[in-house]
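S.K.: I'd like to ask some things about the structure below.
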Amino acid sequence: MEGQCRKCLLRDAFPEDYEKYVGSLLIKIPSGARAPEGIYQQRLSICRACDQLNNGTCMGCGCLVELKAAYKNEKCPFRRW
Ligand code: SF4
């Protein structure tokens, strides 16, 4: 990946990588493990404003936030969501 964006999710910065690394895995999460859509979007909004976000990756835990936030039992490493 080239360049850096401190405010971008992977889908914004690198749409092809998003499909490859996130989109294809999101659909495999069992419905019982998924965070409700409203919660998911709220989490991503918080991540977008976070100083730990770098090209869609959380520098606090190393996870792709669009995938991590989709799991209802996951938590932000800094307790921001
Ligand atoms: S998971 Fe938490 S620390 Fe990581 S980018 Fe999102 S809000 Fe920031």
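No value in this document is a laboratory result; all are computed from the given coordinates. Source: prediction; values computed, not measured. Heads up, the Cβs are rebuilt from the backbone with ideal geometry, glycines too, and the neighbour counts pull from every protein chain shown.
S.K.: What lysines does Lys75 reach when the alpha-carbon gap must be under 22 Å and sequence neighbours fewer than 8 apart in one chain are set aside?
M.R.: Straight-line reach from Lys75, under 22 Å: Lys7, Lys28.
S.K.: Right, something else. Along the charge dipole of the chain, pointing to its positive end and built from +1/-1 on Cβ of Lys, Arg, Asp and Glu, which listed residue (Cys47, Ala35, Tyr18) has its Cα farthest out?
M.R.: Projecting each Cα onto the dipole axis, the largest value belongs to Ala35.
S.K.: Now a separate question. Mind giving me the nanometre distance, one decimal, between the label points for Arg34 and Lys72, set 7 Å out from Cα along Cα→Cβ?
M.R.: Taking the simple label geometry, Arg34 and Lys72 are separated by 1.2 nm.
S.K.: To the nearest Å, what is the center-to-center distance of region 58-81 and region 6-30, using C-alpha atoms only?
M.R.: Result: 14 Å between the Cα centres.
S.K.: Next question, about the same structure. Sorted by average packing, counted as other Cβ atoms within 10 angstrom per residue and highest first, what order do 44-53, 58-67, 21-30 take? If you can, show how the numbers build up before the last one.
M.R.: Numbers: 44-53: 15.6, 58-67: 17.5, 21-30: 11.8.
Peptide ranking by packing, descending: 58-67, 44-53, 21-30.
S.K.: Taking 0.36 nm per residue of sequence separation and subtracting the Cα-Cα distance, how much length would be gained by fully extending the chain between Ile46 and Met59, in nm to one decimal?
M.R.: Values: separation 13, 0.36 × 13 = 4.68 nm, distance 1.42 nm.
Length gained, Ile46 through Met59: 3.3 nm.
S.K.: Let me ask something else. Please report the net charge: other residues with Cβ closer than 11 Å to the Cβ of Lys7, K and R +1, D and E -1. Numbers along the way, then the final one.
M.R.: Working: positive: Arg6, Arg48; negative: Asp12, Asp51.
Charge balance in the 11 Å sphere: 0.
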